[in-house]
1. Over its Cα atoms, what ratio of radius of gyration to 2.2 N^0.38 Å does the stretch 204-259 give?
2. Could you check what % of the DSSP bridge pairs in the stretch 3-280 are antiparallel, to the nearest 5?
3. Using the C-alpha atoms of the stretch 310-373, what convex hull volume per residue, in cubic angstrom, is computed?
4. When the dipole is taken about the Cα centre of the stretch 82-217, and only Lys, Arg (+1) and Asp, Glu (-1) are charged at their Cβ, what size is it in debye, to the nearest 20?
5. Do any cysteines of the chain lack a neighbour Cys whose Cβ is under 4.7 Å away, and which are they?
6. Compare the peptides 199-205, 293-299 by average per-residue count of other Cβ atoms within 10 angstrom and give them in order, highest first.
7. Enter the Cα centre distance for the pair the stretch 333-375 and the stretch 94-129, rounded to the nearest angstrom.
8. Cα atoms only, the chain: Rg and Dmax in Å?
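The values are calculated or read from the model by the stated rules, or taken from the named source; none is laboratory data. Quick caveat: nothing in here was measured; it's all calculated off a predicted structure. Cβ placement follows ideal geometry from the backbone for every residue including glycine, while neighbour counts extend to all protein chains displayed. Keep in mind that these areas ignore ligands, DNA and RNA; they rest on the heavy atoms of the full protein, side chains included. Shrake-Rupley method; radii C 1.70, N 1.55, O 1.52, S 1.80 Å.
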Amino acid sequence: MLFRKMSKTDRKLSILGFGCMRLPQTADYAIEEHKATAMVRYAIDRGVNYIDTAYVYFNGQCEPFLGSALTDGYRERINLATKMPVWDVRSRKDMDRILDEQLKRLKTDHIDFYLLHGLSRSSWNDMIDLNVSEFLDGAINDGRICYAGFSFHDNVPAFKEIVDAYPWTFAQIQYNYMDEEYQAGTGGLSYAAEKGLGIVVMEPFRGGMLAQETAEIKKVWASGGHSRPAAEWGLRWLWNRPEITVVLSGMSTMQQVKDNLGFANDGKSLALTTDDLAVYERVKTFYRSRVKITCTQCRYCQPCMVGVKIPECFSAYNDAFIYTDTAGAKFSYDAFTASGGDASRCKDCGVCESLCPHQIPIRKHLRVVVSLFGH
Ligand SMILES: NC(=O)c1ccc[n+]([C@@H]2O[C@H](COP(=O)([O-])OP(=O)(O)OC[C@H]3O[C@@H](n4cnc5c(N)ncnc54)[C@H](OP(=O)(O)O)[C@@H]3O)[C@@H](O)[C@H]2O)c1
(Lines give C-alpha, C1' and ligand atoms only; values in the text may rest on other atoms or scores of the structure.)
Protein backbone atom coordinates (compact mmCIF):
# COMPACT_ATOMS: atom_id res chain seq x y z
CA MET A 1 0.00 0.00 0.00
CA LEU A 2 1.18 3.50 -0.77
CA PHE A 3 0.29 6.48 1.42
CA ARG A 4 -0.07 10.20 0.79
CA LYS A 5 -0.10 12.93 3.38
CA MET A 6 -3.18 15.08 3.26
CA SER A 7 -2.21 18.74 3.43
CA LYS A 8 -3.54 20.68 6.46
CA THR A 9 -3.43 17.41 8.47
CA ASP A 10 -0.91 15.20 10.21
CA ARG A 11 -2.39 12.11 8.49
CA LYS A 12 -0.77 9.82 5.95
CA LEU A 13 -3.68 8.18 4.21
CA SER A 14 -3.76 5.02 2.12
CA ILE A 15 -4.22 5.89 -1.56
CA LEU A 16 -7.01 3.28 -1.66
CA GLY A 17 -9.94 4.07 0.61
CA PHE A 18 -12.78 1.64 1.31
CA GLY A 19 -16.08 3.16 0.14
CA CYS A 20 -18.85 1.39 2.05
CA MET A 21 -21.75 2.11 -0.30
CA ARG A 22 -21.34 -1.12 -2.29
CA LEU A 23 -20.76 -3.75 0.38
CA PRO A 24 -22.09 -7.23 -0.37
CA GLN A 25 -25.83 -7.16 0.17
CA THR A 26 -28.91 -9.35 0.23
CA ALA A 27 -31.80 -9.02 -2.22
CA ASP A 28 -33.58 -6.70 0.24
CA TYR A 29 -30.60 -4.31 0.50
CA ALA A 30 -29.25 -5.51 3.85
CA ILE A 31 -25.50 -5.75 4.34
CA GLU A 32 -24.15 -9.31 4.33
CA GLU A 33 -22.32 -8.61 7.54
CA HIS A 34 -20.15 -11.69 7.74
CA LYS A 35 -18.72 -11.20 4.25
CA ALA A 36 -18.49 -7.43 4.57
CA THR A 37 -16.66 -7.59 7.90
CA ALA A 38 -14.13 -10.00 6.42
CA MET A 39 -13.57 -7.65 3.44
CA VAL A 40 -13.16 -4.51 5.53
CA ARG A 41 -10.76 -6.20 7.95
CA TYR A 42 -8.79 -7.83 5.13
CA ALA A 43 -8.28 -4.40 3.55
CA ILE A 44 -7.24 -2.82 6.86
CA ASP A 45 -4.80 -5.67 7.55
CA ARG A 46 -3.15 -4.84 4.22
CA GLY A 47 -2.82 -1.11 4.72
CA VAL A 48 -6.16 0.57 3.94
CA ASN A 49 -6.54 3.23 6.63
CA TYR A 50 -9.42 5.34 5.26
CA ILE A 51 -12.99 4.02 5.51
CA ASP A 52 -15.85 6.08 4.09
CA THR A 53 -19.48 5.72 5.07
CA ALA A 54 -22.53 7.95 5.52
CA TYR A 55 -25.58 8.25 7.77
CA VAL A 56 -27.82 7.06 4.95
CA TYR A 57 -25.94 4.14 3.41
CA PHE A 58 -27.94 0.92 3.44
CA ASN A 59 -30.96 2.76 4.85
CA GLY A 60 -28.98 3.78 7.90
CA GLN A 61 -27.49 0.33 8.56
CA CYS A 62 -23.94 1.01 7.40
CA GLU A 63 -22.76 3.04 10.40
CA PRO A 64 -24.02 0.48 12.96
CA PHE A 65 -22.45 -2.27 10.81
CA LEU A 66 -19.08 -0.49 10.89
CA GLY A 67 -19.47 0.09 14.62
CA SER A 68 -19.34 -3.70 14.98
CA ALA A 69 -16.95 -4.51 12.14
CA LEU A 70 -14.35 -2.10 13.53
CA THR A 71 -14.18 -3.63 17.02
CA ASP A 72 -11.21 -5.77 18.12
CA GLY A 73 -8.85 -2.82 17.62
CA TYR A 74 -9.71 -2.09 13.98
CA ARG A 75 -11.23 1.33 14.73
CA GLU A 76 -7.96 2.61 16.17
CA ARG A 77 -6.07 1.63 13.00
CA ILE A 78 -8.10 3.68 10.57
CA ASN A 79 -9.35 7.13 9.68
CA LEU A 80 -13.11 7.03 9.79
CA ALA A 81 -15.08 9.27 7.44
CA THR A 82 -18.83 9.75 7.60
CA LYS A 83 -21.30 12.32 6.39
CA MET A 84 -24.11 14.47 7.71
CA PRO A 85 -27.35 14.06 5.71
CA VAL A 86 -27.85 17.78 5.09
CA TRP A 87 -31.33 17.19 3.62
CA ASP A 88 -32.51 15.98 7.06
CA VAL A 89 -31.17 19.00 8.92
CA ARG A 90 -33.87 21.50 9.87
CA SER A 91 -32.16 23.37 12.69
CA ARG A 92 -28.76 24.05 14.23
CA LYS A 93 -29.69 21.60 17.01
CA ASP A 94 -30.26 18.81 14.47
CA MET A 95 -26.58 18.98 13.52
CA ASP A 96 -25.38 18.11 17.03
CA ARG A 97 -28.12 15.54 17.45
CA ILE A 98 -27.20 13.75 14.21
CA LEU A 99 -23.45 13.81 14.86
CA ASP A 100 -23.95 12.44 18.38
CA GLU A 101 -26.14 9.68 16.99
CA GLN A 102 -23.47 8.84 14.41
CA LEU A 103 -20.81 8.57 17.12
CA LYS A 104 -23.03 6.12 18.99
CA ARG A 105 -23.79 4.12 15.86
CA LEU A 106 -20.12 3.93 14.99
CA LYS A 107 -19.15 3.12 18.60
CA THR A 108 -16.49 5.80 18.61
CA ASP A 109 -15.82 9.12 20.32
CA HIS A 110 -14.63 10.94 17.20
CA ILE A 111 -14.97 11.05 13.43
CA ASP A 112 -11.63 11.68 11.72
CA PHE A 113 -13.04 13.10 8.49
CA TYR A 114 -16.54 14.51 8.73
CA LEU A 115 -18.38 15.61 5.59
CA LEU A 116 -21.50 17.53 4.75
CA HIS A 117 -23.06 15.05 2.37
CA GLY A 118 -23.62 15.79 -1.31
CA LEU A 119 -23.57 19.59 -1.19
CA SER A 120 -25.05 21.65 -3.99
CA ARG A 121 -25.29 25.44 -3.99
CA SER A 122 -28.81 25.26 -2.67
CA SER A 123 -28.13 22.81 0.18
CA TRP A 124 -25.01 24.78 1.11
CA ASN A 125 -27.08 27.97 1.34
CA ASP A 126 -29.51 26.14 3.63
CA MET A 127 -26.59 25.06 5.81
CA ILE A 128 -25.22 28.59 6.00
CA ASP A 129 -28.62 29.84 7.13
CA LEU A 130 -28.55 27.26 9.92
CA ASN A 131 -25.07 28.36 11.04
CA VAL A 132 -23.17 25.23 10.02
CA SER A 133 -19.79 26.98 10.41
CA GLU A 134 -20.40 27.38 14.12
CA PHE A 135 -21.40 23.71 14.35
CA LEU A 136 -18.26 22.51 12.53
CA ASP A 137 -15.95 24.79 14.55
CA GLY A 138 -17.57 23.62 17.77
CA ALA A 139 -17.37 19.93 16.92
CA ILE A 140 -13.70 20.31 15.98
CA ASN A 141 -12.99 22.18 19.21
CA ASP A 142 -14.67 19.62 21.42
CA GLY A 143 -12.96 16.75 19.58
CA ARG A 144 -15.98 15.02 18.04
CA ILE A 145 -14.57 15.80 14.58
CA CYS A 146 -10.92 16.00 13.58
CA TYR A 147 -11.30 17.47 10.08
CA ALA A 148 -14.22 18.98 8.18
CA GLY A 149 -14.98 18.51 4.51
CA PHE A 150 -17.84 18.10 2.10
CA SER A 151 -18.86 15.86 -0.74
CA PHE A 152 -20.23 17.56 -3.78
CA HIS A 153 -22.76 17.24 -6.61
CA ASP A 154 -23.19 20.50 -8.52
CA ASN A 155 -21.23 22.62 -11.00
CA VAL A 156 -17.80 24.28 -10.88
CA PRO A 157 -18.94 27.79 -9.84
CA ALA A 158 -20.91 26.32 -6.93
CA PHE A 159 -17.91 24.19 -5.99
CA LYS A 160 -15.58 27.19 -5.88
CA GLU A 161 -18.05 29.17 -3.80
CA ILE A 162 -18.26 26.39 -1.24
CA VAL A 163 -14.48 25.89 -1.18
CA ASP A 164 -14.06 29.59 -0.36
CA ALA A 165 -16.83 29.77 2.22
CA TYR A 166 -15.25 27.76 5.07
CA PRO A 167 -11.73 26.63 6.07
CA TRP A 168 -12.32 23.07 4.90
CA THR A 169 -9.62 20.42 5.17
CA PHE A 170 -10.82 18.38 2.22
CA ALA A 171 -13.38 17.92 -0.52
CA GLN A 172 -14.77 14.67 -1.92
CA ILE A 173 -15.60 14.77 -5.61
CA GLN A 174 -16.78 12.40 -8.29
CA TYR A 175 -13.89 12.11 -10.73
CA ASN A 176 -12.60 9.64 -13.31
CA TYR A 177 -11.17 9.73 -16.84
CA MET A 178 -14.65 10.03 -18.38
CA ASP A 179 -15.78 12.83 -16.07
CA GLU A 180 -13.11 15.49 -16.27
CA GLU A 181 -15.73 18.10 -17.10
CA TYR A 182 -18.52 16.78 -14.88
CA GLN A 183 -19.56 18.44 -11.59
CA ALA A 184 -16.38 19.79 -9.90
CA GLY A 185 -14.22 18.18 -12.60
CA THR A 186 -10.57 18.99 -13.23
CA GLY A 187 -11.26 22.73 -12.82
CA GLY A 188 -12.68 22.24 -9.35
CA LEU A 189 -10.02 19.73 -8.35
CA SER A 190 -7.19 22.11 -9.28
CA TYR A 191 -8.91 25.03 -7.58
CA ALA A 192 -9.40 23.17 -4.31
CA ALA A 193 -5.88 21.75 -4.37
CA GLU A 194 -4.39 25.23 -4.92
CA LYS A 195 -6.30 26.37 -1.84
CA GLY A 196 -4.64 23.58 0.15
CA LEU A 197 -7.60 21.20 0.39
CA GLY A 198 -7.02 17.48 0.28
CA ILE A 199 -8.95 15.68 -2.45
CA VAL A 200 -10.80 12.43 -1.92
CA VAL A 201 -12.24 10.88 -5.07
CA MET A 202 -15.51 8.97 -5.12
CA GLU A 203 -17.05 6.88 -7.89
CA PRO A 204 -13.72 6.18 -9.63
CA PHE A 205 -15.45 3.57 -11.84
CA ARG A 206 -18.70 5.52 -12.25
CA GLY A 207 -20.28 3.06 -9.87
CA GLY A 208 -18.76 0.08 -11.71
CA MET A 209 -19.40 1.09 -15.32
CA LEU A 210 -15.72 1.79 -16.02
CA ALA A 211 -14.62 -1.52 -14.58
CA GLN A 212 -16.38 -3.43 -17.38
CA GLU A 213 -14.41 -6.09 -19.18
CA THR A 214 -16.34 -6.57 -22.41
CA ALA A 215 -14.42 -8.00 -25.35
CA GLU A 216 -14.67 -4.69 -27.23
CA ILE A 217 -13.30 -2.51 -24.45
CA LYS A 218 -10.60 -5.01 -23.56
CA LYS A 219 -9.29 -4.72 -27.10
CA VAL A 220 -8.98 -0.94 -26.79
CA TRP A 221 -7.22 -1.17 -23.41
CA ALA A 222 -4.80 -3.73 -24.83
CA SER A 223 -3.91 -1.45 -27.72
CA GLY A 224 -1.12 0.14 -25.65
CA GLY A 225 0.63 -3.18 -25.13
CA HIS A 226 -0.25 -3.64 -21.41
CA SER A 227 -2.66 -6.31 -20.25
CA ARG A 228 -4.11 -4.39 -17.32
CA PRO A 229 -7.69 -4.87 -16.11
CA ALA A 230 -10.03 -1.93 -16.71
CA ALA A 231 -10.25 -1.33 -12.95
CA GLU A 232 -6.49 -0.94 -12.72
CA TRP A 233 -6.48 1.55 -15.60
CA GLY A 234 -9.23 3.51 -13.86
CA LEU A 235 -7.39 3.74 -10.55
CA ARG A 236 -3.99 4.46 -12.10
CA TRP A 237 -5.41 7.46 -13.94
CA LEU A 238 -6.54 8.95 -10.62
CA TRP A 239 -3.43 8.09 -8.63
CA ASN A 240 -1.37 9.71 -11.37
CA ARG A 241 -2.56 13.10 -10.06
CA PRO A 242 -0.54 14.20 -7.02
CA GLU A 243 -3.39 16.46 -5.80
CA ILE A 244 -5.52 13.38 -5.05
CA THR A 245 -4.91 11.92 -1.61
CA VAL A 246 -7.37 9.02 -1.45
CA VAL A 247 -9.38 7.19 -4.10
CA LEU A 248 -12.45 5.54 -2.60
CA SER A 249 -13.49 2.37 -4.26
CA GLY A 250 -16.80 0.75 -3.53
CA MET A 251 -16.09 -2.98 -3.42
CA SER A 252 -18.73 -5.67 -3.45
CA THR A 253 -16.61 -8.84 -3.44
CA MET A 254 -13.46 -10.03 -1.70
CA GLN A 255 -11.85 -10.53 -5.10
CA GLN A 256 -12.33 -6.82 -5.87
CA VAL A 257 -10.71 -5.94 -2.54
CA LYS A 258 -7.74 -8.16 -3.36
CA ASP A 259 -7.42 -6.78 -6.89
CA ASN A 260 -7.60 -3.14 -5.82
CA LEU A 261 -5.11 -3.71 -3.00
CA GLY A 262 -2.75 -5.15 -5.59
CA PHE A 263 -3.18 -2.12 -7.86
CA ALA A 264 -2.59 0.23 -4.90
CA ASN A 265 0.91 -1.18 -4.39
CA ASP A 266 1.91 0.58 -7.58
CA GLY A 267 -0.31 3.68 -7.59
CA LYS A 268 2.40 6.30 -7.90
CA SER A 269 1.72 9.86 -8.99
CA LEU A 270 2.99 11.18 -12.33
CA ALA A 271 3.71 7.62 -13.44
CA LEU A 272 1.64 7.35 -16.61
CA THR A 273 3.57 7.51 -19.86
CA THR A 274 2.57 9.37 -23.02
CA ASP A 275 1.66 5.99 -24.51
CA ASP A 276 -0.55 5.19 -21.51
CA LEU A 277 -2.31 8.54 -21.82
CA ALA A 278 -2.95 7.83 -25.50
CA VAL A 279 -4.71 4.60 -24.51
CA TYR A 280 -7.11 6.55 -22.26
CA GLU A 281 -7.87 8.85 -25.19
CA ARG A 282 -8.74 5.83 -27.36
CA VAL A 283 -10.96 4.41 -24.62
CA LYS A 284 -12.76 7.75 -24.25
CA THR A 285 -13.26 7.93 -28.01
CA PHE A 286 -14.63 4.38 -27.95
CA TYR A 287 -17.12 5.18 -25.21
CA ARG A 288 -18.09 8.51 -26.76
CA SER A 289 -18.79 6.88 -30.11
CA ARG A 290 -21.87 5.40 -28.44
CA VAL A 291 -23.34 8.80 -27.52
CA LYS A 292 -26.91 9.15 -28.82
CA ILE A 293 -27.69 12.81 -28.04
CA THR A 294 -24.87 15.22 -28.84
CA CYS A 295 -25.58 17.59 -25.94
CA THR A 296 -22.38 19.29 -24.76
CA GLN A 297 -23.85 20.27 -21.37
CA CYS A 298 -23.39 23.98 -22.18
CA ARG A 299 -26.65 24.63 -20.29
CA TYR A 300 -27.83 27.44 -22.58
CA CYS A 301 -31.25 25.73 -22.39
CA GLN A 302 -31.40 26.24 -18.61
CA PRO A 303 -33.37 27.11 -16.62
CA CYS A 304 -36.34 25.41 -18.22
CA MET A 305 -39.58 27.17 -17.27
CA VAL A 306 -41.05 23.94 -15.86
CA GLY A 307 -37.76 22.83 -14.32
CA VAL A 308 -36.73 20.00 -16.66
CA LYS A 309 -33.05 19.26 -16.03
CA ILE A 310 -32.39 18.89 -19.73
CA PRO A 311 -28.58 18.41 -19.71
CA GLU A 312 -28.78 15.88 -16.87
CA CYS A 313 -31.63 13.99 -18.59
CA PHE A 314 -29.55 13.70 -21.78
CA SER A 315 -26.44 12.73 -19.87
CA ALA A 316 -28.26 9.86 -18.11
CA TYR A 317 -29.81 8.78 -21.41
CA ASN A 318 -26.39 8.72 -23.11
CA ASP A 319 -24.88 6.78 -20.21
CA ALA A 320 -27.35 3.97 -20.80
CA PHE A 321 -25.81 3.49 -24.25
CA ILE A 322 -22.19 4.46 -23.58
CA TYR A 323 -21.87 1.87 -20.82
CA THR A 324 -24.62 -0.44 -22.10
CA ASP A 325 -26.17 -0.22 -18.64
CA THR A 326 -29.77 1.01 -18.70
CA ALA A 327 -30.38 -0.07 -15.10
CA GLY A 328 -27.41 1.94 -13.82
CA ALA A 329 -28.40 4.99 -15.86
CA LYS A 330 -32.00 4.72 -14.63
CA PHE A 331 -30.76 4.52 -11.04
CA SER A 332 -28.91 7.79 -11.48
CA TYR A 333 -31.84 9.37 -13.40
CA ASP A 334 -34.29 8.39 -10.65
CA ALA A 335 -31.93 9.85 -8.03
CA PHE A 336 -31.45 13.27 -9.58
CA THR A 337 -35.12 13.60 -10.56
CA ALA A 338 -36.37 12.56 -7.12
CA SER A 339 -36.98 16.22 -6.30
CA GLY A 340 -38.23 17.08 -9.82
CA GLY A 341 -36.69 17.88 -13.18
CA ASP A 342 -37.59 14.72 -15.09
CA ALA A 343 -38.20 14.73 -18.84
CA SER A 344 -41.93 13.98 -18.53
CA ARG A 345 -42.51 17.53 -17.21
CA CYS A 346 -41.78 19.00 -20.66
CA LYS A 347 -44.72 21.16 -21.82
CA ASP A 348 -43.47 21.26 -25.43
CA CYS A 349 -43.04 25.07 -25.42
CA GLY A 350 -39.81 24.85 -27.46
CA VAL A 351 -38.02 27.79 -25.78
CA CYS A 352 -35.04 25.51 -25.05
CA GLU A 353 -34.65 24.71 -28.75
CA SER A 354 -34.41 28.39 -29.64
CA LEU A 355 -31.56 28.71 -27.10
CA CYS A 356 -29.61 25.54 -27.99
CA PRO A 357 -26.46 26.48 -29.94
CA HIS A 358 -26.32 22.96 -31.42
CA GLN A 359 -29.89 22.95 -32.74
CA ILE A 360 -30.68 19.79 -30.83
CA PRO A 361 -34.35 18.74 -31.21
CA ILE A 362 -34.68 18.80 -27.44
CA ARG A 363 -38.40 18.07 -27.19
CA LYS A 364 -38.15 14.98 -29.39
CA HIS A 365 -35.19 13.71 -27.35
CA LEU A 366 -36.97 14.34 -24.06
CA ARG A 367 -39.72 12.03 -25.29
CA VAL A 368 -37.21 9.23 -25.88
CA VAL A 369 -35.77 9.82 -22.41
CA VAL A 370 -39.27 9.30 -20.99
CA SER A 371 -39.74 6.15 -23.03
CA LEU A 372 -36.44 4.70 -21.74
CA PHE A 373 -36.71 5.66 -18.07
CA GLY A 374 -40.50 5.65 -17.68
CA HIS A 375 -40.93 9.27 -16.49
N1 LIG B 1 -20.61 11.53 -0.85
C2 LIG B 1 -21.28 11.17 -1.89
O3 LIG B 1 -22.15 11.89 -2.36
C4 LIG B 1 -20.93 9.83 -2.49
C5 LIG B 1 -21.55 9.43 -3.65
C6 LIG B 1 -21.15 8.26 -4.23
C7 LIG B 1 -20.15 7.52 -3.61
N8 LIG B 1 -19.55 7.91 -2.47
C9 LIG B 1 -18.48 7.12 -1.81
O10 LIG B 1 -17.49 6.78 -2.78
C11 LIG B 1 -17.35 5.35 -2.81
C12 LIG B 1 -16.97 4.89 -4.20
O13 LIG B 1 -18.00 5.16 -5.12
P14 LIG B 1 -19.02 4.07 -5.64
O15 LIG B 1 -19.01 2.89 -4.73
O16 LIG B 1 -20.29 4.76 -5.87
O17 LIG B 1 -18.53 3.69 -7.08
P18 LIG B 1 -17.22 3.04 -7.74
O19 LIG B 1 -16.14 2.87 -6.73
O20 LIG B 1 -16.98 3.85 -8.93
O21 LIG B 1 -17.77 1.63 -8.19
C22 LIG B 1 -17.92 0.56 -7.32
C23 LIG B 1 -18.18 -0.68 -8.13
O24 LIG B 1 -17.10 -0.90 -9.04
C25 LIG B 1 -16.92 -2.28 -9.23
N26 LIG B 1 -15.53 -2.64 -8.86
C27 LIG B 1 -14.78 -2.19 -7.82
N28 LIG B 1 -13.55 -2.74 -7.87
C29 LIG B 1 -13.51 -3.55 -8.94
C30 LIG B 1 -12.53 -4.38 -9.52
N31 LIG B 1 -11.30 -4.50 -9.00
N32 LIG B 1 -12.85 -5.09 -10.64
C33 LIG B 1 -14.08 -4.98 -11.19
N34 LIG B 1 -15.05 -4.21 -10.70
C35 LIG B 1 -14.77 -3.49 -9.59
C36 LIG B 1 -17.96 -2.98 -8.38
O37 LIG B 1 -19.11 -3.15 -9.21
P38 LIG B 1 -20.08 -4.43 -9.07
O39 LIG B 1 -20.67 -4.33 -7.72
O40 LIG B 1 -21.07 -4.19 -10.18
O41 LIG B 1 -19.23 -5.62 -9.26
C42 LIG B 1 -18.24 -1.96 -7.31
O43 LIG B 1 -19.49 -2.12 -6.69
C44 LIG B 1 -18.70 4.84 -2.31
O45 LIG B 1 -18.66 3.49 -1.92
C46 LIG B 1 -18.98 5.81 -1.20
O47 LIG B 1 -18.22 5.48 -0.05
C48 LIG B 1 -19.93 9.07 -1.91
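1. 1.17
2. Counting only bridges with both partners in the stretch 3-280, antiparallel ones make up about 10 percent.
3. Given the Cα convex hull of the stretch 310-373, per-residue volume reads 77 Å³.
4. Approximately 400 debye in magnitude.
5. Isolated Cys, the chain: C20, C62, C146, C295, C298, C304, C313, C346, C349, C356.
6. 199-205, 293-299
7. A separation of 34 Å, based on Cα centres.
8. 20.8, 63
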